[in-house]
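None of the figures in this text is laboratory data; all of them are computed from the coordinates on show. Owing to the predicted nature of the structure, the values given are computational and were not obtained by experimental measurement. Methodologically, a virtual Cβ is constructed for each residue, glycine included, from the backbone with ideal geometry; neighbour enumeration extends over all protein chains shown.
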Amino acid sequence: MIKITLSQLALALITGILPLTVLPVLPDLTLGIVLLLITAIAGYLPYRLSKLLCIALAAFLWATVNAQQILQQTDDFSGRKQQVVAEVITPFLQREDKHNLLIALKEINGQRVFPPLAARISSEDLPADYCAGQRWLLTLSLRPVHSQLNLGGFDGQRWAVANRQTLNGHVDAATPLTTACTARQRVISAVQRQLTGVDNMPILLALAFGERSLLDSPLAQLFKMTGTAHLMAISGLHIGVAALIGWLLARAIQYLLPIRWIDYRFPLLLSGITMLYYTWLSGVNPPAMRAAVAISLWLLLRLFRVHCHPWQVWLWGVALLMCSDPLNILSDSFWLSCFAVAALIFWFQWVPLAARFSRHWYWAWLRWGHLQLGMTFLLLPMQIALFHGLSLASFFANLWAVPIVSLVTVPLVLAALFLNHLPFDMALSLNAVLWWAADRSLSWMLTGLWRAEIYWLPLGESTLVLGVTGWLGVILWRMGWLYSYPLNVLTLCVLIFCWRQSSYREKENWRVDMLDVGHGLAVLIEKNGRAVLYDTGNRWEGGSQAEMQILPYLQWRNLAVEQIIISHSHLDHHGGTDRISAAFPEATIRASFQGYSPCRQGQQWHWQGLLFTVLWPPSTHDHAGNNQSCVLRVSDGTFSLLLTGDIEREAETLLVKYQRSHLAVNLLQVPHHGSRTSSIGPFLRASRPEVAMASASRFNRWRLPAQKIKQSYRENGVIWRDTARSGQLSAFFFNNYWAIKGLREQLMPRWYHQWFGVGDDNE
C-alpha cells in the first residue's frame, strides 16, 4: 500500500496550481484530454511519484477549468443587453459622490449564473436608497474589464479575475424585486449614524466592516507611505486578534466556573465563533475569508489534539486555500498573507529570542520589537514587488501603530459592535463611550504616523534582489557560513549581483515606450537610464495618468526624466505635466504653446547621442490645437522615430509639401489616435514606416482608432500596433536591427492579460 502524507499531498496540489500564474494561454480541449489521460495513467501506476504526479495534474486541470469558466462567462455575458437578476453586495454608506457598486449576478436571461460572478455598476444607476441585499431585475449592458497595462502599474485585469469581477455594467432599466436589506447592512447603517461627527469615522468603518471607500486620498497615501496599509484591511492580523479575544473571553468565563465544567474545547469554540462573526462583519471579503479558513484549520487541529510542525500547518493551509478557489493565486493579498505567515515561522525558527526574554511581561517590548524587526526585513521582497518602494520608517511606524490598533482599537470596536445588538439604554450609552475611546486611540496613532510619512523610498525592479538579503543573511548567519567561509559568501554575493545586472535586460542602444494611458499620449525615449517624455497623459478631478501610470513606470524602471515635450494644449496630452515636473524639477519643458520653451520648426538638438529635429509647427501659439502639435523626429543615424501628437489632414499635407525629406522613419506614432481626420495617404507614403503605434483606449466614446484608418495602414504595408490591444508598447533599437514588443503579447504574456469578452477596440 503506497502511503502519501498530508504534506506530500499539499505540496503536489500547490505544484499543480502554481503554473496558473504564468501561463500565456490556457490549455485547449485537445491538450486537456491528453493531460486527463496522463493523469489517469499516472494514478494507476503503483509508484508514489506517479501518484503525486496524478494529484498535481488533477490540481492543474482543476485550476485551468476555473480559469476557462470565468473567461467563458465573460465572453457569454458581454457585448449585448441582458435581463439580469442581481443582488446588491456593496453596502449603502452616507456619501454624496458618485461611486461604483458591486452586484452579484444571480440569473441572466432566466439562467442561473454558476460559478458566482460579480459586476460593477455606477451608484447613479440605482435609486439613492439602495442597500446591500436588495434584489433587482436589471436591463444591463455588460462590458468586459479591460485595464491599462504598464510595467510598474496596477494590474487591473489580474485583480478582476482573482476577485471574479470581470464585468462592468450600465443599467438601462431597474425594477426592485426585494427591498429587504441584509443584517450586515442594518448594522453598518446603525453604526454610521452613531459615528456622525466622529473625526476618524472612515477608519473606524474600515476596521469594523472592511469598508475603505470613505478613506480619502491623503489618509490612504499616509498608510502606504508608512507601511501600515495592512492595518486598514480586515485580514489575517485583525481576524487573529478577534480569535484571540474570543479565546481570552472564554478563559475569563472559565475562571468563574467550577473545575469540573472546564474543558479545553470551550475557548477554541468561542475563539472560532468570534472570528467568524468578525469575518461576517467584513462582508466575507477575500483576505478575511482566507484568514478565517487558515485559522479554522489551526483551531480544528487543536480541537482534535493533532500535533504538527508550523510549516506543516502553513503548507496545508496554502493548499486548502488554493484548492478552494484556484484563482486565489492571482491575488496580491493572497501572496502577501502567505508570505507574511511564512516569514513569521521562519523568523521564530531561525532567529528565536533567548529563553530568558520569553517569560516575563516586562520583556514584552523586546519580544514585540524582535517580531517587528523580522517582519520588516523578511517582507522586503513583497514590499518592493507590490508597493514599489520602502518606508524607511516602517519599523518604527508599525512598532507604534500595530499595538494601538490591535490591542486597543480593534477590541474596542468589537465590543461596541457586540453592544450594538443589545436593546438596553445602558448598552447604548456604553457603546458611545467605546466608539469615542476607539476614535481617540486612532487620533493618537495618526499623530505618530504623520511624522513618519516623509521617509518613503521609491524602489524599482533593479532592487528586487535586495529583497532577499534578509532571508539570505539569516540563513548564512545561522549556518555559520559568514564566519567559516567568508570568501565563499562574498563570491556568492558578487555572483548574485552580476547575474542580476546581466539579466536585467538585453542592452539595446536606446528604446521607446508608448505607455498605455487610455485616450491620451505618453511616449518615453530612453537611453542610459535617462529619458525624454513626449506628452504626459490625461488629468481628471482627483487624479491623472501621471500619478496612475507614468510615475509608477518611471520609478519601477529607475528612470530620470531630463526633458518634457508637450505636443499641444489638449488636456489628454498635457494633463500630467505639473505632476511630472514636480517629480523631476530639473527637467526642461518644451511646448508648441506659450508658457514653456518653444517647440518650433527648424529646431535641432542632441541628447545622449540622439538627434532631435522639430518638423512642425512653424510658430508657437497661445493655445495650440491639433494642427499645431509639435512634430518631432528622433534618430540615431540608423533608425528613426516620428512623434506626431494630434496633427490632422491640414498639418499632414503641409508636412508632406515642405518636410517630405525628413518624414521617412522606421517607427511612427499614429496621428490623433487613429482618427479619420488624420493619416492621409500621401503622409503614409512619405513617412513609409515599418510599424505604426497608436495610443487609444478600448471602448472610448470616439470609437478610435477608426477601422478605416487601420485598414489604410495595412494596405500601405505598415504593421499596426495599439495600446488598447497590446498595453504598453516598447521598441528596442540595436546596432543593426530593431524590434517592437507589446506587454500583453511578448513582454508579459499571461492568459489573464489578454482580450476579455467580445468586441473590437472601439466597439
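A simple rule links phi to the HN-Hα coupling: the Karplus curve 6.51 cos²θ - 1.76 cosθ + 1.60 with θ = phi - 60°, which for region 550-558 gives 6, 5, x, 5, 4, 5, 5, 8, 6 Hz, with x for Gly and Pro. A simple spin-label model places the labels of Asn528 and Leu300 6.2 nm from each other, with each point 7 Å out along Cα-to-Cβ. Pick out the long, greasy-scoring helices in the chain: whole DSSP H runs spanning 18 Å or more along their own axis by Cα, mean Kyte-Doolittle at least 0.5. Helices passing the filter in the chain: 29-44, 48-77, 236-255, 265-281, 286-303, 310-324, 332-350, 486-503. The Leu571 and Ala180 beta-carbon pair, evaluated with R₀ = 41 Å, returns a calculated FRET efficiency of approximately 0.35.
On full extension, the segment bounded by Tyr455 and Leu35 gains 146.1 nm, given 0.36 nm per residue less the C-alpha separation.
Annotation: amide H-H contacts under 5 Å for Ala624 (H modelled 1.01 Å from N, sequence separation of 5 or more, or interchain): Ser569.
The packing ranking, built from the mean of other Cβ atoms within 10 Å per residue, places the peptides 603-615, 257-269 in the order 603-615, 257-269, highest first. Spin-label pair Leu487-Thr5: with each label point 7 Å from Cα along the Cα-Cβ axis, the two points sit 3.9 nm from one another. Count Lys and Arg as plus one, Asp and Glu as minus one, and take only other residues whose Cβ is under 12 Å from that of Gln157; the net charge is then +2.
Between Phe418 and Phe154, residue separation times 0.36 nm minus the direct Cα-Cα distance comes to 91.3 nm.
Within the shell of other residues whose beta carbon sits under 13 angstrom from the beta carbon of Asp332, the net charge comes to +1, with Lys and Arg scored +1 and Asp and Glu -1. Dividing the radius of gyration of the alpha carbons in region 1-133 by their Kirkwood radius gives 1.16 for Rg/Rh. Quote the FRET efficiency, to the nearest 0.05, computed for Gln111 versus Val293 with a Förster distance R0 of 30 Å and r equal to the Cβ-Cβ distance. Given R0 = 30 Å and the Cβ-Cβ separation, E is 0.50. Specify which labelled value, from (1) 0.96; (2) 1.06; (3) 1.29, agrees with Cα Rg over 2.2 N^0.38 Å derived from the coordinates of the model shown. Working out Cα Rg over 2.2 N^0.38 Å from the coordinates points to (2). Remark on Ile565: its backbone amide H falls under 5 Å from those of Leu533, Tyr534, Asp535, Arg590, a criterion applied only to residues 5 or more positions apart or on other chains, H modelled at 1.01 Å from N.
In this calculation the C-beta distance from Lys224 to Asn100 is compared with R0 = 22 Å, giving a FRET efficiency of 0.55. The number of Lys pairs in the chain with C-alpha atoms less than 23 Å apart, excluding pairs fewer than 8 positions apart on the same chain, is 6. Amide hydrogen proximity for Asn168: with H placed 1.01 Å from N in the peptide plane, the residues at 5 or more positions away or on another chain lying under 5 Å are Arg120, Arg143, Val145. In region 323-422, the ratio of gyration radius to Kirkwood radius, Rg to Rh, stands at 1.05 when only Cα atoms are counted. DSSP beta bridges confined to region 543-684 are antiparallel in about 60 percent of cases.
Using 0.36 nm per residue and subtracting the Cα-Cα separation, the extra length available between Tyr277 and Ser635 on full extension is 122.5 nm.
Spacing of the modelled spin labels on Arg688 and Leu45, each 7 Å from Cα toward Cβ, amounts to 6.0 nm. By DSSP, the beta bridges lying fully in the chain are antiparallel in about 75 percent of cases.
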